[in-house]
Every structure is written in C-alpha cells, then in structure tokens.
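The values are calculated or read from the model by the stated rules, or taken from the named source; none is laboratory data. The shown structure was predicted, so the numbers you read here are calculated from the model rather than taken from an experiment. Heads up, the Cβs are rebuilt from the backbone with ideal geometry, glycines too, and the neighbour counts pull from every protein chain shown. Areas reflect the complete protein model, heavy atoms only, side chains present, ligands, DNA and RNA absent. Shrake-Rupley method; radii C 1.70, N 1.55, O 1.52, S 1.80 Å.
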Amino acid sequence: MATRPMSSCSSEHQKNLKFGEATFDILSDFLTSINNKNKLNLESLSDNCGNFKNRKVVEYIFLLCKEFKLDPMVGYHAVEILESFMIKHIEELLSCPTAQGASGGGDVNAEEFIFHSIRPKFSFIILSCVQLASKMSLHCNVGVPAQLVKKGANTGYGLNTQIVNNITAMRFMQAAGHTSISKEQLISSELMVLKTLNFSLSTTNPLTYVETLLEVLSHNESSLAVEDMYHLCKTVLQFTFLQRTSIYQALLRVVTRGTNPPQEHREKFVAVTEDCMLLGVGVLAVAAFILDFSTWEQVVQELSLITGISTQSIMEFAYVILMRVTNDSDTLV
C-alpha cells in the first residue's frame, strides 16, 4: 500500500473526533491498520466465504437495522459476524459424531441433516448477530477512525446509540409470529454465537473502509464535496452489497475479457469478492463519477496512490457497478 496518506487511537479519542479533525499520523496509522486486517483476512479465507452474504439475508439484516433505527455500520458488522459464525458453526457440526452418524457416512445426507437442524433457528441467529453488532457499535465504537459528521450536519450516521436488548428483540420476534419466544432463548442464541467465535467479534467491515478512504481522500483533496459524497457512498455501498453476486460475476467477465475461466481461476477470484479495500475504492470511484465526472479521473488516481490498487482495477470495478446501477430497476432498501 502506498504511504501517501493517511489511525489507531484510543476509542475515547475516536468518539470525540469529527470529520476532518484527525491528524495525518492518526489517519496513516488507521489506514495501515485496516489494510493489514484486510490482507490477513484474504490470506485465511474459508472455502465457504460469501455463502451467507446473499441478497435475501443481507436485505433482512438491513431491514432489521432500519426497524431498530440503528447506525448503518451495525448492519454491515452484523453481516460479517453472521458469516464468520455460520462458517465455523457448520464446520463444527460437520465434524460432530451426531451428524456423521445421521449421514451414514454420506456427505450429502450430513449436509441435509445440518441444514434441517439450523433452519428453524436461523432467524434467531440473524437477530443475535444484529444484537451483538449493536452492542459492539455502542461500547467499542468498532472501526470508526473519525465520525464522518460535520458539526450540525444531518448525515444519518449514528441514528440510534441504544443497543437491541432482549426485551426489544423478544417483542420484535413475537410481532413476527414467534409468540412462544423467551428471553432465555435469545440469550442462549447470543451465547452460542459468542462461544463459537471465541468471543471475538472484531471482523472487517466494508463501511469502515469506505469511511476511512473518504477521510483520507478529503485530507488530500480539500476541494471535494465530501458531505454529499458520503451520502452517495452509503447508497452505492448498500446497492453493491445487495447486488454483490451479479456485480462480481460481471467483474469476473470483465477481468477475463469474457472468456470462460477454469475452476482454478474462479477459486482464486473469491479473494477479490472479499477484498474490502477494493470494494471501498470502487464505491468511492462510483460516487465520484456520479457526483462530478469532471474530477473523476483525479479521484481515481488519488485512490490508487492511497491504496496501491491500480487505476485500471479501480475503473473496471467502478464500471461494473455503474452498469449494474443503470440497468437495474430494483428499489434500494
């Protein structure tokens, strides 16, 4: 990654920072930190990564956050917690003697057995991930280098600082038709997620990358209309997250020039779909294109200098997202 700017500081310091107040050193440290996290994540990807980020699941999580009036960061964090948990939970179940015995030695039957055992609890697991993400957002200020909020500006950031407690969660589930749900079941579900993840919920979060890169970009290019760009970035990121399957399939076609890549190349491309830094620069590039095309190339070049990602890669990804935006009539959540 290029060293051109820009935080690792105490969480208390982070909470008091406003957009544009972070020093060069803070931004540099934070950018380096999230870049290293991104690299470590890409080096240890599971074969099943991305399977729990399909549109219906992501949309349900976003709608839950909207229902509870939570910060957008909570939704993205909940998606990452859910995927981490489900991958590890399924791997543990597959190695469980009960599953092996039920399958009679057949992998397909074992998978079916696990699917049927998880299915009734899946909505509770999702809600638990949202609850945990809301608590992390409130108590740890996860992944925020400096709030992208100008004093007095209404950005929608930090819509609600309260957590989704068990009473609120129970009322929601009862209203959704789960009339027999109890607080004990919700607590048990949360504990299952926590224990499976060894109480480690600090996962990479795509909105963190977008916000950090925008903060750095603003530091380098003070003429940018950053507040307008931030609103647009949130919309573009949400759209990209909901349409991730079709967008990354299109990106694969662009990268391979329309050829049918072998399975080995497809497997390697999985790392691209989980690259939060690439996603961040792609979202910013699309927002810059929509906001002011005359400065678009300048923004792309600056993003390339900041991250070390080639301008070609950024432009290709932005092109794919833009084509999907202009050709898709679905309404955003």
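Beta carbons closer than 7 Å, at least 6 apart along the sequence or on distinct chains, pair a first residue in the stretch 294-319 that is more than 15 Å from L214 (Cα to Cα) and in a loop (DSSP other than H, G, I, E, B) with a second that is modelled with pLDDT of 95 or more and open to solvent by less than 50 Å² (accessible area, probe 1.4 Å) for I309/M277; I309/L278; I309/V281; S310/S304.
The numbered conditions (1) out of contact with any helix residue (DSSP H, G or I) (no Cβ under 7 Å at 6 or more places or on another chain); (2) among the aliphatic types (A, V, I, L, M); (3) open to solvent by less than 20 Å² (accessible area, probe 1.4 Å) are all true for L40 except (3). Quick check on my filter: what residues within the stretch 192-207 are open to solvent by less than 70 Å² (accessible area, probe 1.4 Å) and not in a loop (DSSP other than H, G, I, E, B)? Matches in the stretch 192-207: M192, V193, L194, T196, P206, L207.
Kindly indicate whether any position in the stretch 171-178 is at positive phi, of a type outside the set (S, T, N, Q) and either open to solvent by 40 Å² or more (accessible area, probe 1.4 Å) or modelled with pLDDT of 75 or more (or both). Yes, because at least one residue in the stretch 171-178 is at positive phi, of a type outside the set (S, T, N, Q) and either open to solvent by 40 Å² or more (accessible area, probe 1.4 Å) or modelled with pLDDT of 75 or more (or both). Remark: M277 falls outside the filter, which requires a residue to be of a type in the set (A, V, I, L, M), open to solvent by 30 Å² or more (accessible area, probe 1.4 Å) and assigned to a helix (DSSP H, G or I). Evaluated against (1) under 23 Å from the mean Cα position of the chain (by Cα); (2) farther than 18 Å from L42 by Cα; (3) open to solvent by 40 Å² or more (accessible area, probe 1.4 Å), T259 falls short on exactly one condition, (1). Here's a check for you: in the stretch 288-331, which residue that is open to solvent by 70 Å² or more (accessible area, probe 1.4 Å) and under 21 Å from the mean Cα position of the chain (by Cα) is modelled with the highest pLDDT? Per the stated criteria, the residue is Y319.
A quick yes/no check of all residues on (1) of a type outside the set (S, T, N, Q); (2) part of a loop (DSSP other than H, G, I, E, B); (3) modelled with pLDDT under 90; (4) farther than 30 Å from L27 by Cα:
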residue: T98; (1), (2), (3), (4): no, no, yes, yes
residue: E111; (1), (2), (3), (4): yes, no, yes, yes
residue: L127; (1), (2), (3), (4): yes, no, no, yes
residue: S134; (1), (2), (3), (4): no, no, no, no
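Between N141, N154, N166, the distinction of being open to solvent by less than 40 Å² (accessible area, probe 1.4 Å), at pLDDT below 75 and polar (S, T, N, Q) belongs to N141 only.
With respect to L224, is the statement that it is open to solvent by less than 60 Å² (accessible area, probe 1.4 Å), closer than 19 Å to L42 by Cβ and of a type outside the set (D, E) true?
On the way: open to solvent by less than 60 Å² (accessible area, probe 1.4 Å): yes; closer than 19 Å to L42 by Cβ: no; of a type outside the set (D, E): yes.
Criteria not met by L224.
Filtering the stretch 181-200 to residues that are hydrophobic (A, V, I, L, M, F, W, C) and farther than 15 Å from F85 by Cβ leaves I181, L186, I187.
Scanning the stretch 179-191 for residues that are modelled with pLDDT under 90 and either surrounded by 15 or more Cβ atoms within 10 Å (Cβ to Cβ) or in contact with an Asp or Glu (Cβ under 9 Å, 6 or more places away or on another chain) (or both) yields one hit, I181.
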